[in-house]
Structures are given as structure tokens and as C-alpha cells.
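For reference, the structure is listed below as C-alpha cells.
The values are calculated or read from the model by the stated rules, or taken from the named source; none is laboratory data. What you are looking at is a predicted structure, and each value in this text was computed from that prediction instead of being measured. Backbone-built Cβ (ideal geometry, glycine too); neighbour counts: all protein chains shown.
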Amino acid sequence: MKQAIPFALDRDRSFFESLDDWIGDVLYDELTEKGFDLRDEQVFMAFQIGQALKEKSVLFAEAGVGTGKTIAYLLPAVAYARYTGRPAIIACADEALIDQLVKESGDIGKLERALGLTVDVRLAKSREQYLCLKRLDEASKESDAARGIDDSLPGFVHGHSSMMKLEPYGDRSTFPDVSDDDWDLVNYHPLWQCSSCDLRNRCGQTLHRAHYREAADLIICSQDFYMEHLWTKESRVRQEQLPLLPEPSVVVFDEGHLLEYAAQKAFTYRVQERTLDTVLSRIMVDGVREKTLVLMEQLIDCHASLFRGLHDHAEGEGDRRKIVRTPQISADAEEAVRLAVDILEELVFDADLYVIPDYDLKIAEEYLEQYIHSMKLFNEGGEAVDWLENENGDETLVIMPRLVTDMLGELLFTGRVPVIFSSATMSVGGDFSYLADSLGIGDGFKSFSVDSPFDYEEVMEIRIEKPADKSAELLRSMEDGRQTLILFRSKAAMNEFRQKAGGDSRFLFEGDRALSALVRDFQQGKAQALCSWHLWEGLDIPGEALTRVAIYDLPYPPDDPLFEAKHRFAEDPHRDIDLPYMLLRLRQGIGRLIRTSGDRGEILLLLGEKEQSEEGEILSVLPVRPATV
């Protein structure tokens, strides 16, 4: 339902002139009367966003911690959504940031109470954040955790009455005590054919999607999901399906410096080692013709040979491993395409025999079509970038058809919808070109940068240590009892420290449970330390709940084929890509410490021998001079 614009319109003045007046009244008068701090930086940011809405431009809005960035973009976004009749989409860096934004004590709730507004805000989480009833049914046969989830579902899920009221259910945050590994057994998986599922009308994801499409003011999603929306929009429309998200009035990317990595994840084709066998096994039933069965067995064998070659000739220890192509890998990939094409042709005849369940047949046909397309891209090479990943123990061939810079220009920066990037760190020395170039924007943007209103010299201490054993130094530092966020470059680095910590109950580790549940327990003081490789940005824990941030290792980009491809286009890969990436992420991590004017604490920066070579660059971005170097 369309809501009223929160201020009166005048025939003699444009909407945008009236918007500026309202923003000024709210920030200078109404909110300050309700106890909010008056921040000139926040007022400036809100006015600049209003101008970007008027011009439908791309805006980099860099504002230091404590500026009140969220309120600065929420005010113009809500008003503009009501003016246009289309919701504003706020795309956050991850699901943890979404939960922080919409919780009762978050900025949306504060605005509603202070201004007497009712903001229609709805969540659109990534598809893997929702339960899949088909997968839950299968997992419940062997998993106690799955059976526990099944027992907790609302009655209408398994009920048969058409009069039962259907309400959204089944998103990840409602199962905080379920581990990530158990959740991966029951959540949405792209293999399953949602459009043909007989449970889709009772599916939690379907109900959530119908719910958020009706939002009048705000839809809040992850950047991953928004990128998936862009990537799938054309194909979904071609198949007469609705896009994942409705057309927005404006898109705001909170922690916008991370958008490139969300796009890298979304703009890819993925071929798993085990999935082909799973899909074909479901249709190898009695009655299928022998010719089809032989072709399927040949494809399974060829696919297995391909992945043995990929595994044996993949280099690197990071999440993305470089593939060294051999003649056998190329031959297996070409043969796999030929066999998959032949199977699709034969399935036309097997379908007429009605021996394969229709749902399983559609899954197989859709999967084989994507498999053929993906393997052709892999065979052709060209502009495509490929690598090998391990997803929950399953080797996965990932193919990105083109670099993100090309695709974002076509799909996002069209000039039809204003795009706002909000973050405390998007520039290096006031220069936004690194981020703009990585997103394919070039010179087609506007930008500004305002400092934090906090006096860091008074509230922050920075200690740089150069220990021979980082783990031992960190464990020694923890003896003072400070509530500490420990940030790692990678999961592997975190796990290395975890082994040396020896099961110490003071530490919480990302991945053991839902991240939002770990953050909540840490904030409530149930553990002294929260260890993470993802929380370099977006985490907001004020007060005594967080009094130290420890940087275990410098957050350089991973050693993987994607950054290798970027390096090929750079004159000086270290200076142009690796160093600015690290400095931006380091600034974000440091920014987790001081969140309000009452916060105080310490930054502990651990530098290994190789990392010490960048000491000068590190010192140039620190908000205060270190007490020890």
C-alpha cells in the first residue's frame, strides 16, 4: 500500500526542494529535540544524497564512523520511495548487517519512534538463507538437527486444510542454534527446481518473496542477493517468472566498498563434482531406455575423470585455486559437453514413456542445459576466468564469463535509477578511482568525503606488536579480560589460531553457529572474544561489550585466479590492487572499535616479518599515532 509522503508538497516548489526543507527540519530540529546529536557531516550527507536522487546519479558517500550514515540515507530514501511509488532497496554487505539495521534498537526503529512514522520495511534475504522443504524431508531421514527443524515448523506446512493462514517462516535467523554445516543440508540449493516443486505454495521462501514484494518504503537485502537479482533478471523474465526483486526507486549499497566481491560471487557459473551424479541417478529408473542409461554412465565417468584432473592440477591454498590446464582436462571437458547434448536429445524420447517422475526430469533437463553452457565457456577460455573451489567438501569448478567491471556497467549503472554507495572507507587519500575502476564506473560518478566527528586521540589507543609467535602474543594480551574482536585475513588463518587456543571457552569462532547468534552472545558478555574473518565491516557493538579490536594479519586480497586476472590489467599489481585493497579493509576493521561518543578502547595490530615492510603505508591510514611501533 502506497504511503503518504512525510511532508506537504507545494505547487510552486519541486519535490526535491521540499525534500531538502524536510531533511533540514528533521535533522536540525525534530531529532535534536528527541536527544539525537546534531552532526553537520550527517546533514551534508543527506543533502548530497537528495541531489543524487534528483540527478539519478552514482554517488560515493564516504563518511567517517559516527556520522550517522544510516539515518542520512534513510530519510531521503523513504521520502523518495513514497514519491515514486517504488520501494528503495538497501543492499547490505551481509546478513548480519541486515539484522542490525532492522532490530528494534536499530536506526529504522529509532526514526519511527522519533518522527511518529510507520516505515514499511521488509527483508529479502539471499535464497540460501531459506529452508527448502524437499531437502529438509531428505535430511530428516538421517539428521537429528533436520528433524528438530521439521518439528518446529508452523502447522500449515504439513497441514492439508486450505483454510489455514500462510505466513512467512523458515529463514536462517529463526534457527540460531543450528550450525552452518547442518543448515547447509536443509537450505535452498540451486539444483532443486522451485518452479516445478509441489510444495512451492507452502514454501517459506515463496511466502517471504510474496511478502517483501508488497513493501511500500524499504526492501532490505544483502548485496549478494541484489547481484543475484541482476544476474538472473533477464532469464527469469524470459521464462515468464518475476525477477527476484521489484523495480526500485533508488539502490543504496551500505558498506558499498564490498559490492565488487558480491558481484564476483553472483556473476558466475558453477559446476560441482558430485551434483551431476546426484541428478542423473534420480532419473536412472526402471523403464529408461538402455541407450540413455549408457550415455548417462559415460557422462558420469567422464565428469569424474575431469574433476580428478582439476583436483590434481589445481594450485594454491586459498578459497579459489588456479587451474593448470592439461590436454586430458581439455579432452574430458569437450567429451562431457558432447555426452550431455546427446543425453538431452534422448530424454525427449524417454519423457514420452512417462517412467521418469516429471519433477526429477525437469531438474535433470535444466541442470544439463546449464552444465553444457558452463562447460562450453570453460572450453572456450577467452575472457572467462575460472578456478576451483571447495564448497562444503564438494569440489566446484567456477567460471566467470567476463570481469565484473564489464557486467556491472550493463546491468547496474544504466542511469535509470540513482545508485548510492555508503561507507566509512571507499577512497585512498581522498581518491575514489580504485573503487570506481573496480566497479567499471570510470569517471561517471560524484563523490564526497567527511571525517568522523569523534576525537580519536582521546578515545583510541593503537598498539603495534611484532611478535615471533602471533598466537602466543594474542593469548597473552587476552589475560587483561578485555572484550575483543579478533579479525583474520582468512578462515585458514582463524583455524590456525583456533588450534593454538586449544578449545579455550573464552573464544567464539565464526562458522560454529549463525553469525548473528555469535554476535549476540559476544555482546551479552557470554564470551571474551569473537573470532571472525568476515566482520571487518558492518559490526556495530558499542560500549563495554567491545573494548579491543585485534588485527591478527593484514587483510590482503586472497591469492586466487580472480585477483590474478585483475593483476594482468594493472601496471603495478601490488601498488594498484593489493595495497589499496588491504588499506581500505584495514581501516574498516579499525572502525569496529569506536561506534559512539562514549566508546573507548585499543587496537592491537600484530605484524609478521613480511608485513612489517608495509609499516609506512599502515601508519599513513591509522587514525592516531601508535603508542608502540
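Please work out which residue is nearest to THR396 (Cα to Cα), limiting yourself to the stretch 315-333 and to residues that are surrounded by 14 or more Cβ atoms within 10 Å (Cβ to Cβ) and at pLDDT 90 or above.
Step one: filter the stretch 315-333 for residues surrounded by 14 or more Cβ atoms within 10 Å (Cβ to Cβ), giving 316, 318-323, 325, 328-333.
Imposing the further condition that a residue be at pLDDT 90 or above reduces the set to 323, 325, 328-333.
Values: ILE323: 12, ARG325: 16, GLN328: 18, ILE329: 15, SER330: 17, ALA331: 19, ASP332: 16, ALA333: 14 Å.
Restricting to residues being surrounded by 14 or more Cβ atoms within 10 Å (Cβ to Cβ) and at pLDDT 90 or above, the top hit is ILE323.
Run down ASP20, ASP29, ASP37 and say which single residue is surrounded by fewer than 17 Cβ atoms within 10 Å (Cβ to Cβ), in a helix (DSSP H, G or I) and in the same structural domain as GLY109 (by TED's automatic domain parsing). Walk me through how you get there before you give the answer.
Values: ASP20 fails: surrounded by fewer than 17 Cβ atoms within 10 Å (Cβ to Cβ); ASP37 fails: in a helix (DSSP H, G or I).
The match here is ASP29.
State which residue is farthest from the chain's Cα centre (by Cα) when the search covers only the stretch 390-425 and only residues that are assigned to a strand (DSSP E or B) and surrounded by fewer than 18 Cβ atoms within 10 Å (Cβ to Cβ).
Looking at the filtered set, the residue picked out is ASP394.
Can you list the helices (runs of 4 or more DSSP H) lying wholly within the stretch 66-163 that have 3 or more residues being touching a Ser or Thr at 6+ places or on another chain (Cβ under 9 Å) and under 27 Å from GLN48 (Cα atoms)? Even if it seems obvious, please write down each step before you answer.
Numbers: elements: 69-84, 95-102, 107-115, 133-139, 144-152.
The helices (runs of 4 or more DSSP H) meeting that bar are 69-84, 95-102, 107-115.
Name the residue, out of ASP171, ASP181, ASP177, that is modelled with pLDDT under 90, more than 17 Å from ASP137 (Cα to Cα) and not assigned by TED's automatic domain parsing to the domain that holds LYS54. Can you show your working first?
Working: ASP171 fails: more than 17 Å from ASP137 (Cα to Cα); ASP181 fails: more than 17 Å from ASP137 (Cα to Cα).
Within the list ASP171, ASP181, ASP177, the selection yields ASP177.
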Legend entry - Subset of the stretch 202-257 that is without any contact (Cβ under 8 Å) to a residue 60 or more places away in the chain and among the small types (Gly, Ala, Ser) - its residue that is farthest from ILE108 (Cα to Cα): SER235
Inset, instruction - Read through the list (1) in contact with a strand residue (DSSP E or B) (Cβ under 7 Å, 6 or more places away or on another chain); (2) free of Cβ contacts under 8 Å to residues at least 12 places away in the same chain, then give the number of the only condition that GLU112 fails. - result: (1)
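Out of the residues in the stretch 53-67 that are in contact with a Phe, Trp or Tyr (Cβ under 8 Å, 6 or more places away or on another chain) and within 22 Å of ARG39 (Cα to Cα), which is surrounded by the most Cβ atoms within 10 Å (Cβ to Cβ)? Spell out how you get there, then give the answer.
Taking the stretch 53-67 and keeping what is in contact with a Phe, Trp or Tyr (Cβ under 8 Å, 6 or more places away or on another chain), we get 53-54, 57-62, 64-66.
Those still in the list that are within 22 Å of ARG39 (Cα to Cα) too: 53, 59-62, 64-66.
Working: LEU53: 24, LEU59: 23, PHE60: 25, ALA61: 27, GLU62: 24, GLY64: 20, VAL65: 24, GLY66: 21.
Ranking the qualifying residues of the stretch 53-67, first place goes to ALA61.
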Inset, instruction - Report, by residue number, each residue of the stretch 137-167 that is in contact with a Lys or Arg (Cβ under 9 Å, 6 or more places away or on another chain) and touching a residue at least 24 places away in the same chain (Cβ under 8 Å). - result: ALA139, ALA146, PHE156, VAL157, LEU166
Inset, instruction - Give the residue, chosen from LYS291, LYS265, that is of a type in the set (Lys, Arg), at pLDDT 90 or above and in a helix (DSSP H, G or I). - result: LYS291
Inset, instruction - Among residues belonging to the stretch 120-171 that are surrounded by 18 or more Cβ atoms within 10 Å (Cβ to Cβ) and basic (Lys, Arg), point out the one that is nearest to CYS92 (Cα to Cα). - result: LYS125
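Kindly provide the set of residues from the stretch 53-65 that are touching a residue at least 60 places away in the same chain (Cβ under 8 Å), at negative phi and not in a strand (DSSP E or B), ordered by number. Reasoning before the result, please.
Filtering the stretch 53-65 down to residues touching a residue at least 60 places away in the same chain (Cβ under 8 Å) leaves 53, 55-65.
Those left that are additionally at negative phi: 53, 55, 57-65.
Across the stretch 53-65, the qualifying residues are LEU53, GLU55, SER57, GLY64, VAL65.
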Legend entry - Condition check for VAL285: surrounded by fewer than 16 Cβ atoms within 10 Å (Cβ to Cβ) and among the aliphatic types (A, V, I, L, M): yes
Inset, instruction - All but one of (1) touching a helix residue (DSSP H, G or I) at 6+ places or on another chain (Cβ under 8 Å); (2) charged (D, E, K, R); (3) modelled with pLDDT of 90 or more hold for GLU345, so report the exception by its number. - result: (1)
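It is to be established whether one or more residues within the stretch 593-609 are in the same structural domain as MET494 (by TED's automatic domain parsing), part of a helix (DSSP H, G or I) and either over 29 Å from ALA472 (Cβ atoms) or not small (Gly, Ala, Ser) (or both).
Looking for residues that are in the same structural domain as MET494 (by TED's automatic domain parsing), part of a helix (DSSP H, G or I) and either over 29 Å from ALA472 (Cβ atoms) or not small (Gly, Ala, Ser) (or both), one finds none in the stretch 593-609, hence no.
From the list ARG513, ARG506, exactly one residue is surrounded by fewer than 18 Cβ atoms within 10 Å (Cβ to Cβ), in contact with a helix residue (DSSP H, G or I) (Cβ under 8 Å, 6 or more places away or on another chain) and over 22 Å from ILE594 (Cα atoms). Which is it?
Numbers: ARG513 fails: surrounded by fewer than 18 Cβ atoms within 10 Å (Cβ to Cβ).
The conditions single out ARG506.
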Legend entry - Checklist (1) surrounded by 15 or more Cβ atoms within 10 Å (Cβ to Cβ); (2) aliphatic (A, V, I, L, M); (3) more than 24 Å from the chain's Cα centre (by Cα) applied to LEU562, failing item: (3)
Legend entry - Single residue of the stretch 81-106 satisfying the filter (crowded, with 24+ Cβ neighbours inside 10 Å and farther than 29 Å from VAL621 by Cα) that is farthest from the chain's Cα centre (by Cα): ALA81
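Can you tell me which residue among LEU508, LEU515 is assigned by TED's automatic domain parsing to the domain that holds ARG463 and modelled with pLDDT under 95? Spell out how you get there, then give the answer.
Values: LEU508 fails: modelled with pLDDT under 95.
Matching residue, one of LEU508, LEU515: LEU515.
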Inset, instruction - For SER249, indicate whether it is polar (S, T, N, Q), more than 19 Å from the chain's Cα centre (by Cα) and surrounded by 15 or more Cβ atoms within 10 Å (Cβ to Cβ). - result: yes
Legend entry - Unmet criterion (only one of (1) modelled with pLDDT of 85 or more; (2) in a loop (DSSP other than H, G, I, E, B); (3) not aromatic (Phe, Trp, Tyr)) for HIS229: (2)
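Can we say LEU546 is touching a residue at least 60 places away in the same chain (Cβ under 8 Å) and either crowded, with 20+ Cβ neighbours inside 10 Å or more than 30 Å from VAL102 (Cβ to Cβ) (or both)? Write out each step before concluding.
Values: touching a residue at least 60 places away in the same chain (Cβ under 8 Å): yes; either crowded, with 20+ Cβ neighbours inside 10 Å or more than 30 Å from VAL102 (Cβ to Cβ) (or both): yes.
In short, yes.
Residue-wise test of (1) in contact (Cβ under 8 Å) with a residue 40 or more places away in the chain; (2) assigned to a helix (DSSP H, G or I); (3) aromatic (Phe, Trp, Tyr).
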position	(1), (2), (3)
PHE349	yes, yes, yes
GLU366	yes, yes, no
GLU369	no, yes, no
SER374	yes, yes, no
LEU377	yes, yes, no
ASP386	yes, no, no
Inset, instruction - Quickly run through the stretch 345-374 and pick out the residues that are buried (at least 16 other Cβ atoms within 10 Å of the Cβ) and farther than 26 Å from ASN187 by Cα. - result: GLU346, LEU347, ASP350
Inset, instruction - State whether the residues of the stretch 433-455 include one that is farther than 30 Å from TRP183 by Cα, surrounded by 14 or more Cβ atoms within 10 Å (Cβ to Cβ), touching a Leu at 6+ places or on another chain (Cβ under 6 Å) and not basic (Lys, Arg). - result: yes
